Amino acid sequence: MLKLITRLFGTKHDRDIKKILPLVAIINDARAAMESLSDDDLKAKTEEFKRRLGEGETLDDILPEAFAAVKETCRRLVGKSWDVVGINMEWNMVPFDVQLLGGILLHKGKISEMATGEGKTLVATMPVYLNALEGKGVHIVTVNDYLARRDSQWMGKIYESLGLTVGCIQHDMSTAQRRVEYGKDIVYGTNSEFGFDYLRDNMAQSIEDRAHRGFHYAIVDEVDSVLIDEARTPLIISGPVESTIHKRYEEMRPTVDRLVRLQTNLVNEKIGQAEKLLQAGGDNVYEAGQLLLAARRGAPKNKKYLKLIKETGVQSLIDRAENDILRDKKMHEIDETLLYVIEEKEHSINLTDNGRSQFSKEEQELFTLPDLTEGMSEIEGDTSVSPEEKTAKIDQLYKLHSERSEKVHSISQLLRAYALFEKDVEYVIQDGKILIVDEFTGRLMPGRRYSDGLHQAIEAKEKVQIEGESQTLATITLQNYFRLYEKLAGMTGTAETEAQEFWDIYKLDVTCVPTNMKCVRADHNDVVYRTRREKYNAVIEEIIDSYNRRQPILVGTVSVEVSETLSRMLKRHGVPHNVLNAKYHQQEAEIVAQAGQSGAVTIATNMAGRGTDIKLGPGVVEVGGLHILGTERHEARRIDRQLRGRAGRQGDPGSSRFYLSLEDDLMRLFGSDRLARIMDRLGAEEGDVIEHGMVTKAIERAQKRVELQNYSIRKHTLEYDDVMNAQREVIYDRRLAALERPSIKDEVLELIDSVLQDLIEKYCPEKEYPEAWDLTGFRAELRHVYLLNLEFKPEDIPALTREDLFTKVKGAVMAFYEHKEKLYGDDIMRKLEKYSVLSTIDRHWRDHMYEMDQLKTGIGLRSYGQRDPLIEYKKEAYKFFAELIGEIDKEIVRMVYRLQVNIPDKAREERRREPQKELVASHPNPVGMGFGTARPTEEAGAEQAAQRGKVQPIKREGPKVGRNDPCPCGSGKKYKKCHGAGL
């Protein structure tokens, strides 16, 4: 039925294109009319368009003429050349009709899916020019600094010819330079640079230190890579923090190392027993299946196990044993024969009771966390101890819980580091540092770190120096950053498979634009081998065959390791080739551009040289065009489609084929069981291959399952961040208002009133008699906040009213304020007030983010109590935020009254600025937050969001006063609720 409806009415994409198709003819007619204009007259069109917009016309009204002006400019530039990233490039492009369609869709705030080679970079120039006419700035987001620089210089000539200015944000620019670039009509840059500038703007101490001027319109190039792959991880700016948690990893490493060795021996024993039972045959075979199932759950990448399951019938035996055990609900019995269980699909490890028993008695106690609620209830109910002793016991209870939690967390992360993260696969060691290998690009990422202590665990495992912790100063997810824009659009060659996610999260509609010329690329069925060795041998044979026929071939790999393996094999056969691992963007873009020349052999990870077209050399069309050879299926279909799309551009011939094995991660985890049984039935021998359309479809179904799983992870993470984002907007808006206004005296005076009213409400309840009021506590708060020492005569207390009390105190505190204002003068007092607001908001917001991180880490446990963790998180977050606002208001007033003005000497000024040099912009990984299995990473050397650390403490000379200790002032309250409330 669906096919019939589609045949009758066309697809959604057909209908979208049909609606805007009439505009193409109007644009072309308008362009033809502009041919008679001089260059100056054409340039003057820009001012004409701006004037018409100012007179009430809309962007849609002038769209045909604006697009026509860009197209005519492109026509006049043909044959001219200019310098682009150090290369003299000749202009030879004029937009096709399908490119006009793509541009119209981008203007309407949609995602335009256009095949590789269709000129998406040129497509963006038309909507960018049109929207830049409003004078509010347009951002073009690219995937790396090189492409931002290249496109700004290449396409920039069009905008400059029409009288607009073009800027480009690069990683090493200063704030002053960035501010200049953002002031231009059109700005190119990466998502990270735009996002980090937003965070830095909201940490600025003056309006001159802010770079952005607004978020009007953005076009995201390679939108799937930026808004989906990169958006799995938040942007974080962090600073150093004193912490000793790295000692936990050093302390627990020997224990975990021993546990892993014991598990390895245990699994090897099970595999050995299974081999003997399989040889014996008969009834023993089923028991062998159970032993191998236990081996898989204990070490799924064990080489003996992987070798054994290649034998005919073994995989089916394991599957049968697993189904029976799941049916009888006895999997726990299998698990208890192991020390820990690896859930590879979920990327997690669970320690069993048998595993815990391997720890010493003292270490086993770590796994018994004290119940804080029950413990506090018992302490509070004990009438035999004094309030001070109760406070000390509660503090001790919290300390015990914290120490045990940290050690258990260290054990868990060390187990993951040992069992799930392989050296030279997920990471490499260079110069004594752990460098992560990006799973999407295959490139090394110096400075990025796994979050939640995982990176430190890997450092402990490899016995390299364990880096220190960091404290989050500002953070935002890319999803919530891009939601700031009034209008957002994107372009890519592969968005259709993620259309639902684009709509759900960004409200972006995807429309597929037809190609200018029909794609004639031949996409062959996948071929599947039993082992990687067989697959690689077949790959090398096909490469040699293509090379001998002088057909260029591009070999796509999923990791640096695979690229280097194939490179070594080709060297042995004497085949010249290039290997690209996405390390040097400009150099690799230049090499990829030559990958279509006769006899070229290029091995590249998925993202290497992306954004560069591969044009065919002389004689290549006759031998079949560029051939794409994929060495493994990626877990996302669009990554495979990106690789295929390198061939067959603009009607060129081409072909593609993927080579797979049952040992590939995707096949092993999600698709190999049925294929292994098929191979068994067919009696497939070593070297035999399966090739059928049904196999290709089965693999795509496995990819769909992984995509849905990853989408649910990203959506789940975003649901939590949306809570934080609502709070972030309130805080940032308040901070910006204080920064922009020359005077915030009125706000401070309102706070003085409201804080005083809150204090009266707290210590002098309306429903109680004055004799029952806590005037001692009220006096202590007045001293703490307003520096006011107020005395109450006993005989006057019964006649006190709240109104009289407010009037009396208000008069005294305002007299003090006016005296201070007169002493310092208006100018200094305004600066002091502004500093009080900004520094207080920054400090408390930083601490609040730490508390929210801790809440997020443990909130999942509430599901055991049949409560929705997300709802619980929202409730707790609201309560935390309400407390935060109250604390900020009170602290602002306290600082206004307490701060004194001193002129700092040069040394003190240098010390004040020094911490700014240690701030780190990072792009971390959600793994470990309890939200997922994906393995993205954290950028630029800092761990995520204050994993277990606190803010850099102030150095003290006397003994430390804990937050839960009694306040030294003698009030009987906890320090954090009394004189430590603002610290």
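The values are calculated or read from the model by the stated rules, or taken from the named source; none is laboratory data. Given the structure is predicted, the values throughout are model-derived calculations rather than measurements. Here the Cβ positions follow ideal geometry from the backbone for every residue, glycine too, while neighbour counts run over all protein chains shown. SASA here: full protein model, heavy atoms, side chains in, ligands and nucleic acids out. Shrake-Rupley method; radii C 1.70, N 1.55, O 1.52, S 1.80 Å.
For the stretch 535-547, does any single residue satisfy the condition of being at pLDDT 90 or above, under 22 Å from the mean Cα position of the chain (by Cα) and among the aliphatic types (A, V, I, L, M)?
no
State whether one or more residues within the stretch 263-271 are on the phi > 0 side of the Ramachandran plot and touching a residue at least 40 places away in the same chain (Cβ under 8 Å).
no
Scanning the stretch 773-799 for residues that are of a type in the set (A, V, I, L, M, F, W, C) and touching a Cys at 6+ places or on another chain (Cβ under 9 Å), which turns out farthest from Gln900 (Cα to Cα)?
Trp773
Just to verify a result, which residue in the stretch 630-645, among those that are part of a loop (DSSP other than H, G, I, E, B), modelled with pLDDT of 80 or more and charged (D, E, K, R), is nearest to Glu230 (Cα to Cα)?
Per the criteria, the residue is Arg633.
For the stretch 496-518, name all the residues that are under 30 Å from Val562 (Cα atoms) and out of contact with any Leu (no Cβ under 9 Å at 6 or more places or on another chain).
If the condition is that a residue be under 30 Å from Val562 (Cα atoms) and out of contact with any Leu (no Cβ under 9 Å at 6 or more places or on another chain), then Glu496, Thr497 are the ones that fit.
Which condition number does Ile158 fail, the rest of (1) outside any helix (DSSP H, G or I); (2) at pLDDT 95 or above being met?
For Ile158, the failing item is (1).
Lys136 is checked against (1) closer than 28 Å to Asp509 by Cβ; (2) buried (at least 20 other Cβ atoms within 10 Å of the Cβ) and fails just one. What number does that condition carry?
(2)
Among all residue pairs at least 6 apart or on different chains, which show Cβ distances below 6 Å where the first residue, located in the stretch 728-739, is closer than 13 Å to Tyr835 by Cα and touching a residue at least 24 places away in the same chain (Cβ under 8 Å) and the second is β-branched (Val, Ile, Thr) and open to solvent by 40 Å² or more (accessible area, probe 1.4 Å)?
These pairs meet every condition: Leu739/Ile207.
Considering Asn525, Asn516, Asn548, which residue is open to solvent by 50 Å² or more (accessible area, probe 1.4 Å), polar (S, T, N, Q) and closer than 25 Å to Asp665 by Cα?
Details: Asn516 fails: closer than 25 Å to Asp665 by Cα; Asn548 fails: closer than 25 Å to Asp665 by Cα.
Answer to the selection: Asn525.
Which condition number does Ala489 fail, the rest of (1) of a type in the set (A, V, I, L, M); (2) touching an Asp or Glu at 6+ places or on another chain (Cβ under 8 Å); (3) more than 30 Å from Asp853 (Cα to Cα) being met?
All conditions pass for Ala489, except number (2).
Note down all Cβ pairs under 7 Å where the first residue falls in the stretch 490-515 and is under 14 Å from Ser225 (Cα atoms), the second is in a helix (DSSP H, G or I) and small (Gly, Ala, Ser), and they're at least six residues apart or on different chains.
Here the result reads Met491/Gly102, each pair linking the stretch 490-515 to a residue that is in a helix (DSSP H, G or I) and small (Gly, Ala, Ser).
What are the residues in the stretch 117-149 that are under 23 Å from Ser192 (Cβ atoms), in a helix (DSSP H, G or I) and of a type in the set (Val, Ile, Thr), if any?
Thr121, Val128
Can you find, within the stretch 849-867, the residue that is modelled with the lowest pLDDT among those that are over 21 Å from Val408 (Cα atoms) and open to solvent by less than 80 Å² (accessible area, probe 1.4 Å)?
Out of the qualifying residues, it is Gly865.
Take the residues in the stretch 292-334 that are in a helix (DSSP H, G or I) and among the acidic types (Asp, Glu), then tell me which one is surrounded by the fewest Cβ atoms within 10 Å (Cβ to Cβ).
Glu333
Say whether the condition of being at pLDDT below 90, of a type in the set (Asp, Glu), surrounded by fewer than 23 Cβ atoms within 10 Å (Cβ to Cβ) and not in a strand (DSSP E or B) is met by at least one residue in the stretch 457-465.
no
Could you tell me which numbered condition Asn525 fails, if it satisfies all but one of (1) over 26 Å from the mean Cα position of the chain (by Cα); (2) at pLDDT 90 or above; (3) over 25 Å from Gly102 (Cβ atoms)?
Result: Asn525 passes all but (2).
Step by step: first the residues of the stretch 476-509, then only those that are charged (D, E, K, R) and open to solvent by 30 Å² or more (accessible area, probe 1.4 Å), then the one that is nearest to His634 (Cα to Cα). Which residue is that?
Within the stretch 476-509, the match that is nearest to His634 (Cα to Cα) is Glu496.
How do the strands (runs of 3 or more DSSP E) wholly within the stretch 338-453 filter down when requiring 2 or more residues that are at pLDDT 80 or above and buried (at least 16 other Cβ atoms within 10 Å of the Cβ): which remain?
Fully inside the stretch 338-453 and qualifying: 340-343, 348-351, 433-437.
Given Leu338, Leu400, which one is out of contact with any strand residue (DSSP E or B) (no Cβ under 9 Å at 6 or more places or on another chain), within 30 Å of Arg705 (Cα to Cα), in contact (Cβ under 8 Å) with a residue 24 or more places away in the chain and not aromatic (Phe, Trp, Tyr)?
Result: Leu338 is the single residue among Leu338, Leu400 that is out of contact with any strand residue (DSSP E or B) (no Cβ under 9 Å at 6 or more places or on another chain), within 30 Å of Arg705 (Cα to Cα), in contact (Cβ under 8 Å) with a residue 24 or more places away in the chain and not aromatic (Phe, Trp, Tyr).
Which residue out of Gly156, Gly189 is of a type in the set (Gly, Ala, Ser), in contact with a Ser or Thr (Cβ under 8 Å, 6 or more places away or on another chain), within 23 Å of Gln587 (Cα to Cα) and crowded, with 20+ Cβ neighbours inside 10 Å?
From the options Gly156, Gly189, the qualifying one is Gly189.
Restricting to the stretch 514-545, name every residue that is among the charged types (D, E, K, R) and in a loop (DSSP other than H, G, I, E, B).
Within the stretch 514-545, Lys518, Arg521, Asp526, Arg530 qualify.
Go through the stretch 849-870 and count every residue that is among the small types (Gly, Ala, Ser) and either part of a loop (DSSP other than H, G, I, E, B) or within 11 Å of Tyr720 (Cβ to Cβ) (or both).
Residues flagged as among the small types (Gly, Ala, Ser) and either part of a loop (DSSP other than H, G, I, E, B) or within 11 Å of Tyr720 (Cβ to Cβ) (or both) within the stretch 849-870 amount to 1.
Looking at Leu164, Leu199, Leu147, which is the one that is closer than 20 Å to Leu59 by Cα and open to solvent by less than 10 Å² (accessible area, probe 1.4 Å)?
Result: Leu164 is the single residue among Leu164, Leu199, Leu147 that is closer than 20 Å to Leu59 by Cα and open to solvent by less than 10 Å² (accessible area, probe 1.4 Å).
I need every pair where a residue in the stretch 92-103 that is on the phi < 0 side of the Ramachandran plot and of a type in the set (Val, Ile, Thr) has its Cβ under 9 Å from the Cβ of a residue that is surrounded by 23 or more Cβ atoms within 10 Å (Cβ to Cβ) and part of a loop (DSSP other than H, G, I, E, B), sequence separation at least 6 or different chains.
That search, which allows pairs on different chains as well, returns Val98/Met114; Val98/Glu118; Val98/Val513.
Just the residues that are open to solvent by 50 Å² or more (accessible area, probe 1.4 Å) and either closer than 18 Å to Leu643 by Cβ or in contact (Cβ under 8 Å) with a residue 12 or more places away in the chain (or both), please, taken from the stretch 554-583.
Correct list: Glu561, Glu564, His573, Pro576, Asn578, Val579, Lys583.
Tell me, yes or no, whether the stretch 752-762 has at least one residue that is open to solvent by less than 90 Å² (accessible area, probe 1.4 Å), outside any helix (DSSP H, G or I) and either more than 23 Å from Val901 (Cβ to Cβ) or among the acidic types (Asp, Glu) (or both).
Filtering the stretch 752-762 down to residues open to solvent by less than 90 Å² (accessible area, probe 1.4 Å) leaves 752-756, 759-760.
Going one step further and asking which of them are outside any helix (DSSP H, G or I), we end up with none.
Within the stretch 752-762, none of the residues are open to solvent by less than 90 Å² (accessible area, probe 1.4 Å), outside any helix (DSSP H, G or I) and either more than 23 Å from Val901 (Cβ to Cβ) or among the acidic types (Asp, Glu) (or both).
Residue check, Gln551 against (1) part of a loop (DSSP other than H, G, I, E, B); (2) without any contact (Cβ under 8 Å) to a residue 40 or more places away in the chain, all met but one. Which one?
So Gln551 meets the others, but not (2).
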